[in-house]
Amino acid sequence: MIKKLTCISCPIGCELSVTLGENGKILKIEGNRCPRGVDYATNEFTDPKRILTISVRVEEGEMELVSTRTDKPIPKKKLNEIIEYIKKLRVNAPVKRGDIIVENILETGSNLVATRTVNKKD
Amino acid sequence: MRIEKVDVLIIGGGAAGLAAAIEAKNTGVKTLLLERDRNTGGVLNQCIHNGFGLHVFKEELTGPEFMERLWEELGNLDEIIRNNYTVLKIDHINREVITLSEEGIVVFKPKALIMATGARERPLNALRIPGSRVAGVYTAGVAQKMVNIYNRLPGNRVLIVGSGDIGLIMARRLKIEGMDVLGVVEIMPEPGGLIRNVVQCLEDFNIPLWLSHTVFKIHGKERLEGVTIGKVDENFNPIPGTERYIEVDTLVASVGLIPQNELIENFVEMDPINRGPVIDDLMRTSIEWIFAAGNNVAIHDLVDFVYEEGKIAGRNAAKYVLGEKLPKPKYIFKRGNNVGVLLPQRFTGKEPFKMYLRPKKSLEKSAILFSGKVVRKFNWKIRPSEMIDLVVRNFESLPNEVLVEVNKID
Amino acid sequence: MRVFVIGAGITGSLITRELSKYDLEVHVIDKAPDIGWGVTKANSAIVHGGYDDPPGSVRAQFAALGNKMYDELSNELDFDFIRTGSYVVAFKEEDVEYLKELKKRGVKNGVSNLEILTSEELKNREPNLNKDIKAALWCPTAGITEPWEVSIAAIENAKDNGAIVHLDEKVLDIIVQNQKVKKILTDKGEYNADIIINAAGLFADEIAKMAGVADFEIFPRKGEYILLDKKLKGLVNAVIFPTPTKKSKGILVVPTVDGGILLGPNAVDLPKDQKNNLETTKEGLNEVYEKSKALVPSIDISYSVKTFAGLRPETKNKDFIIGATKIWGFINVAGIRSPGLTAAPAIAKYITEKVIPEDLGLNLSKKSNFNPFRKRIPHLEETNLEEWEKIVKKDPRFGRTVCFCNNVSEGEIVEAIKRGAKTLDGVKFRTRASFGRCQGGFCSLKILEIISRELSIPLEEIKQNYKNSWIVKGKVRP
C-alpha cells in the first residue's frame, strides 16, 4: 500500500509517498528532497511529533505574554495535555530568550523555552 | 524643521530593513533606519510560530527569535534605529525624506535610500461581501496581534476566510487558545498557504478546509452573528443551492497581502504584477540611489528570502555611497507562459543571483525555461502559493532579453 | 423656556446650534451613542446646487437657500466644505433636452450660474468621463463636505453655548396636556419640555405619533455605496450625476473631501419595518459599480476600500414636512431626504426665525455672548508642516502617528476622545483614523488602547459603535 503525505519539516513541504508492507512496516519513502523527510515519514507512522509554540503569562513584564516553544518535537498525542498545562503557568519578568520555562515538560524529554525577551515593567 | 544628513537611510524595520541595516552598517557608512511603529521587527513580533530561519540560520526559529537575532547582529540599536518615525513624503528630486516624530518634522538627506516598507493586509471590507457592517471581522494579522501581543481573544466562534499562511496559522492558534474554529473557506480550488501549514495547522487540529467556497453574506446587527457560505464555480460566482448558514461571532480574514509602495509609486518604475518597484539583482529601483527589498517589492513566502534581499540592498546601497561604480543592468527578464510574480526584472550579469517566481497555475511536472532553454525541472507539484527560488549563473549564453516560461513537461 | 431637539443628525444638530443663539435652555437627545450616526452618517455628502427640486416644493425653498449658507457655516464651524461644482451629464438627445429643463428649473429655484457645456468643453475639465457624453449641466455652486463632521461641529459649538447633549438615550413617550407639549419620557428619565423639535430622521413618524400628530409616515429608502482609495484622487474633480430619473438623482461619482472617490447610491424602497436594515446586497453593489462605470469607464473596482449602505427618510409626497402642528410646541422637521444636508442650515434658521416666533408666537431674545466659532481637531494632512511642527512641540503626541493610511496622530485621537468619542467609530468619524485603505488593520488595536487609557475602561468594554459591538472578548491568559 502507498500512502501520500506532506513533509512538514520545513516550508518546502515535499510530497512524500510511503510504501507500506504487510503489518504497516515502511518499505520505501520517496519524494523527499532531504533526509529529514525520511525521519518525518517514519515518525508519522509510529509516533507523530510536533513542535509546539505557545504563549505563557508573564507577571510584572512590559508585555503580558512571553512566546515559547518546545525545544524538541513532542508527541502529538500529548499535545492537548501539554497545552492545558502551559495555560496555567505564570512566570516572572524578566524573561530572556532561551530561558527554560519548564524542563522536561510532562516527561516528554523536551524543554519549554522562551523565544523572546520580556523585560520587567518599569 | 531639522535637517539630518545620512549615508544610507532605510525606511521600515522589519526583516528586510534590519538585514539591510546590518549589512550597510558593517561597511562603516552612516546608517539610519526609520521605523513607524514602537519597535522594529515588524510582523516577526507577533509570529510566535516556528518556520523561520532555515535558510539563514540553518535552524528552525520562531518570529521573535529571528527578530532578536537580527537585533543582536545589528549591535547598537539606539545608534541606528529611530522608532516612532513616520515618513510623510519622499522628495526624489531634492533627495529628501520628510518625517514626523515626537521631535517634530525632521528632513533626512540620504545619499542612498532603501525602501523596506513591507506589506499590509487586504481588509475583508475591500472584497465587497454583501451584508451588514458589524464588529467581529478582523484580518488575520490583527487577530494574531490581539492574541499574541495584546493577550486578548477576538471572540468565541470563528470562521477563517482565506487559506493564506497567516489564516492557517491563526486557525491553529485560535483553536489552541480555546475558540471554536469552525473551518477555513478558500475561494480558490487550492489552498493559498503552504501545504505544510494545511497539515500542521488544520489537519492536526481537525479543522475543515472548504476549497472553492466563500462567504456570500455577513449577518448580524452590531456584532457578527453568522455568515452564509457556499461553493463557487470556476469563475468564482456563487453556485445557488450550496448556501449554508454558519453561526459565528468572529471572522478572521486572510485574503491577501498588498505591497506598500505609496511613498515611491509615483516616481519609480512599478511592476503591476508584483505590485512593487521594478528592481535589478542589486535591488536597485529605476532611480539609482533608491533600493528596495522585502514584501514591498513582491510578496514572499519566507522571511529568509526577505532577509537575503535586505542584505543585498544594504550592501549595494553602501557601495553606492562609498562611490563604487555599480554595474548597470544588462539583461531583462520578460514574463512568458505561466509566470506571475517574478523578481528581479533586470540583472547585471556580473555575479550569480537568486531569482524568485510564482507560476500562475499549478503544474504536476514542469520546467523553467529561459528563452526556450530548460534551466530547471520540477518533478514535484509547483503552485502559485509556493514561491520558487532559482540561482541564475552562466550568463554567457543568455540573450539580453530573457523570456521566462514555466511549462508543463511529461 | 426649555426646548428639546429629538435627533442629533444634521438637521437636529444645526437646529440645536441655532437655538443656542437664544436665551433658551436647549437640549438635544439621540438614541445613538454618538452624533450623526443615523441618516447623516451614510449618504452622498453633497451640498447640492438646488436646481433639480420641483419649484414650489418645500425642498426647493430650502435647498437653494441652504447651499448659500455653507460658506459662512463652514467658516464658523471649521469643517471641510469644497465647492467642487457638479455636472449632470446627458448621453442621449432627449437627455440634453432634459438638461435645458433642469437649467430653467434652477433659475426658478434661484440657482444662478448654471451652464450647459458641450462634450468638448467637458472633456477638458473632466477627462475621465465617458466619451459618449453629449452635454452636461454645470452647476458651480454644488459642493462636498462630511455630514457627520458638520453635525459634530454644530453640536460642539452648541454645547459651548450652553446646550445640553443627551446621547445613548431613547425617547419613549411625549406627554401632551391641553394640546400643549408637557414632558418627554426617556429610557433614562423624564424632562419637562416647552418646545419639542422632532428631527428624528427615519423615526420622526414614531415621535410624531407619541405627540398625537401622526399624519405622515416615513419609509426607508436604501442606498448602497462603494468607497474607493485616495490613490484615485483627481479621477473626477466635481460631482458627476447622470440624467436624473423620476425616482432619484441616480448613481453618482463623487470626490470626497479627503481625496477618495465615492460611488452610489442606488435606491431601493424598503418596508416600513426595516429602518435598521443597513445591509449591502450583491445586486445593489453591482448596480452601483455598473452605473458609475458608465459615467467614468476607467473606474477600477480593485481600489475599493469599503462598501456601506445608508437609509434616506422618504415620505409619500417626497417632500420635507417642516412646521408647527396642532399640538402647541411640537414642531416637525421630518422627511428630510435629499437634499437634506444642503437644506439643513436654512431649515434651522427657519425654525428659530419663523416657526417659533410666528407659529408659536414666542419672541426669542438673542444671547449677547453667543460664540459662533468652533475649532476643528487639527489634522496633519490639512496643515502645513511648519504649523504642525509647532503643534508637536507643544504636545509631542501629535508627532506619534497611529493611523498610517490617513496620517492621524495620537494627539488627534486623544483630542477626539476629549470631545466625546468613546468608541472606535467615534474616533474614526472625528479623525479619519481607520477610514483608509487598511481599514484599521494597523491602528484599530492602538486606538483601542488609547481609548482604554484615556477613559480608564478595559479593552473588553470598548465598542465599535453600538452597545453590542464589542471588539475583544477577554484575556487569552488571565
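Restricting attention to the stretch C:305-320, does a residue exist that is outside any strand (DSSP E or B) and either within 13 Å of chain B (Cβ to nearest Cβ) or more than 24 Å from the chain's Cα centre (by Cα) (or both)?
No, the conditions are met nowhere in the stretch C:305-320.
To keep it simple, each residue is scored yes or no on (1) in the same structural domain as C:P339 (by TED's automatic domain parsing); (2) at pLDDT below 95; (3) of a type in the set (A, V, I, L, M, F, W, C).
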{"residue": "C:Y51", "(1), (2), (3)": "yes, yes, no"}
{"residue": "C:K68", "(1), (2), (3)": "yes, no, no"}
{"residue": "C:N75", "(1), (2), (3)": "yes, no, no"}
{"residue": "C:C139", "(1), (2), (3)": "no, no, yes"}
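Considering only residues of the stretch C:394-403 that are facing chain B (nearest Cβ under 8 Å) and closer than 18 Å to C:G436 by Cβ, which is surrounded by the most Cβ atoms within 10 Å (Cβ to Cβ)?
C:T401
Could you check, for the stretch C:404-411, whether at least one of its residues is within 27 Å of C:A158 (Cα to Cα), surrounded by 21 or more Cβ atoms within 10 Å (Cβ to Cβ) and facing chain B (nearest Cβ under 9 Å)? Reasoning before the result, please.
Step one: filter the stretch C:404-411 for residues within 27 Å of C:A158 (Cα to Cα), giving C:408-411.
Still in the list and also surrounded by 21 or more Cβ atoms within 10 Å (Cβ to Cβ): C:408-411.
From what is left, the residues that are facing chain B (nearest Cβ under 9 Å) are C:409.
Yes, there is a match, as at least one residue in the stretch C:404-411 is within 27 Å of C:A158 (Cα to Cα), surrounded by 21 or more Cβ atoms within 10 Å (Cβ to Cβ) and facing chain B (nearest Cβ under 9 Å).
Restricting to the stretch A:25-63, what's the tally of residues that are touching a strand residue (DSSP E or B) at 6+ places or on another chain (Cβ under 8 Å) and assigned to a loop (DSSP other than H, G, I, E, B)?
Qualifying residue count for the region: 9.
Do you know which of the residues in the stretch C:359-379 that are away from chain B (no Cβ under 14 Å) and touching a strand residue (DSSP E or B) at 6+ places or on another chain (Cβ under 9 Å) is surrounded by the fewest Cβ atoms within 10 Å (Cβ to Cβ)?
Taking the stretch C:359-379 first, the residues away from chain B (no Cβ under 14 Å) are C:359-377.
From the residues that got through so far, the ones that are touching a strand residue (DSSP E or B) at 6+ places or on another chain (Cβ under 9 Å) too are C:359-360, C:362, C:364-367, C:370.
Values: C:D359: 14, C:L360: 16, C:L362: 15, C:L364: 17, C:S365: 8, C:K366: 10, C:K367: 14, C:F370: 14.
It comes out as C:S365.
B:L194 passes all but one of (1) facing chain C (nearest Cβ under 9 Å); (2) at pLDDT below 95; which number fails?
Status for B:L194: all satisfied but (1).
Could you say whether any residue in the stretch C:380-393 is in a loop (DSSP other than H, G, I, E, B), surrounded by fewer than 21 Cβ atoms within 10 Å (Cβ to Cβ) and more than 9 Å from chain B (Cβ to nearest Cβ)?
First pass over the stretch C:380-393, keeping only residues in a loop (DSSP other than H, G, I, E, B): C:383-384.
Of the ones still in play, those that are also surrounded by fewer than 21 Cβ atoms within 10 Å (Cβ to Cβ) are C:383-384.
Okay, now just the ones that are also more than 9 Å from chain B (Cβ to nearest Cβ), so C:383-384.
Yes: the stretch C:380-393 contains one or more residues that are in a loop (DSSP other than H, G, I, E, B), surrounded by fewer than 21 Cβ atoms within 10 Å (Cβ to Cβ) and more than 9 Å from chain B (Cβ to nearest Cβ).
Enumerate the strands (runs of 3 or more DSSP E) found wholly within the stretch B:294-410, keeping only those where 3 or more residues are among the β-branched types (V, I, T), under 27 Å from B:A15 (Cβ atoms) and under 26 Å from the mean Cα position of the chain (by Cα). Full working, then the answer.
Working: elements: B:331-335, B:339-343, B:353-359, B:366-370, B:373-378, B:388-392, B:401-408.
Correct list: B:388-392.
Hey, can you tell me all the residues within the stretch C:289-304 that are closer than 19 Å to B:R122 by Cβ and not aromatic (F, W, Y)? Even if it seems obvious, please write down each step before you answer.
Within the stretch C:289-304, the first condition is being closer than 19 Å to B:R122 by Cβ, and the residues that meet it are C:289, C:299-304.
Within the stretch C:289-304, C:I299, C:D300, C:I301, C:S302, C:S304 meet the criteria.
Test of understanding: among A:I54, A:I29, A:I83, A:I74, which residue is surrounded by 13 or more Cβ atoms within 10 Å (Cβ to Cβ) and over 24 Å from B:F52 (Cα atoms)?
Among A:I54, A:I29, A:I83, A:I74, only A:I29 is surrounded by 13 or more Cβ atoms within 10 Å (Cβ to Cβ) and over 24 Å from B:F52 (Cα atoms).
Is it the case that some residue within the stretch C:416-436 is at the interface with another protein chain (Cβ under 7 Å from one of its Cβ atoms) and at pLDDT below 95? Talk me through it step by step, then tell me what you get.
Within the stretch C:416-436, the first condition is being at the interface with another protein chain (Cβ under 7 Å from one of its Cβ atoms), and the residues that meet it are none.
The answer is no; no qualifying residue exists.
On the given criteria, is C:R453 crowded, with 24+ Cβ neighbours inside 10 Å, of a type outside the set (F, W, Y) and either away from chain B (no Cβ under 12 Å) or part of a loop (DSSP other than H, G, I, E, B) (or both)?
Numbers: crowded, with 24+ Cβ neighbours inside 10 Å: no; of a type outside the set (F, W, Y): yes; either away from chain B (no Cβ under 12 Å) or part of a loop (DSSP other than H, G, I, E, B) (or both): yes.
So C:R453 does not fit the description; no.
What number goes with the only condition from (1) more than 14 Å from chain A (Cβ to nearest Cβ); (2) aliphatic (A, V, I, L, M); (3) free of Cβ contacts under 8 Å to residues at least 24 places away in the same chain that B:I80 does not pass?
Of the numbered conditions (1) more than 14 Å from chain A (Cβ to nearest Cβ); (2) aliphatic (A, V, I, L, M); (3) free of Cβ contacts under 8 Å to residues at least 24 places away in the same chain, the odd one out for B:I80 is (3).
Restricting attention to the stretch B:160-170, does a residue exist that is within 7 Å of another protein chain (Cβ to nearest Cβ), closer than 30 Å to C:A42 by Cβ and under 23 Å from the mean Cα position of the chain (by Cα)?
no
Considering only the stretch B:91-107, how many residues are under 19 Å from B:N266 (Cβ atoms) and either charged (D, E, K, R) or in contact with a Leu (Cβ under 8 Å, 6 or more places away or on another chain) (or both)?
6
If you scan the stretch C:267-304, which residues turn out to be away from chain B (no Cβ under 13 Å), surrounded by 20 or more Cβ atoms within 10 Å (Cβ to Cβ) and without any contact (Cβ under 8 Å) to a residue 60 or more places away in the chain?
C:A267
Enumerate the strands (runs of 3 or more DSSP E) found wholly within the stretch C:126-226, keeping only those where 1 or more residues are farther than 24 Å from C:G50 by Cα and among the aromatic types (F, W, Y).
Of the strands (runs of 3 or more DSSP E) lying wholly inside the stretch C:126-226, those with at least 1 residues that are farther than 24 Å from C:G50 by Cα and among the aromatic types (F, W, Y) span C:190-192.
Determine if the stretch A:3-17 includes at least one residue that is loosely packed, with under 13 Cβ neighbours inside 10 Å, touching a Leu at 6+ places or on another chain (Cβ under 7 Å), small (G, A, S) and part of a loop (DSSP other than H, G, I, E, B).
no
Would you check if C:I155 is surrounded by fewer than 22 Cβ atoms within 10 Å (Cβ to Cβ) and either assigned by TED's automatic domain parsing to the domain that holds C:A348 or within 30 Å of C:V28 (Cα to Cα) (or both)?
no
Would you check if C:R432 is surrounded by fewer than 21 Cβ atoms within 10 Å (Cβ to Cβ) and not assigned by TED's automatic domain parsing to the domain that holds C:K159? Walk me through it before giving the result.
Numbers: surrounded by fewer than 21 Cβ atoms within 10 Å (Cβ to Cβ): no; not assigned by TED's automatic domain parsing to the domain that holds C:K159: yes.
Taking the combined requirement at face value, the residue does not satisfy it.
Using the structure shown, decide if B:R95 is assigned by TED's automatic domain parsing to the domain that holds B:I48 and touching a residue at least 60 places away in the same chain (Cβ under 8 Å).
Considered against the rule, which asks whether it is assigned by TED's automatic domain parsing to the domain that holds B:I48 and touching a residue at least 60 places away in the same chain (Cβ under 8 Å), B:R95 comes out as yes.
Among the residues in the stretch A:30-51, are any out of contact with any Phe, Trp or Tyr (no Cβ under 9 Å at 6 or more places or on another chain), facing chain B (nearest Cβ under 8 Å) and among the β-branched types (V, I, T)?
Scanning the stretch A:30-51 turns up at least one residue that is out of contact with any Phe, Trp or Tyr (no Cβ under 9 Å at 6 or more places or on another chain), facing chain B (nearest Cβ under 8 Å) and among the β-branched types (V, I, T).
Inspect all residues belonging to the stretch C:326-337 and state whether any of them is in the same structural domain as C:V26 (by TED's automatic domain parsing) and under 30 Å from C:L228 (Cβ atoms).
Yes, some residue in the stretch C:326-337 is in the same structural domain as C:V26 (by TED's automatic domain parsing) and under 30 Å from C:L228 (Cβ atoms).
The values are calculated or read from the model by the stated rules, or taken from the named source; none is laboratory data. Since the model is a prediction, treat every value here as computed from it, not as a measurement. FYI the Cβ positions are ideal-geometry reconstructions off the backbone, even for glycines, and counts take in every protein chain you see.
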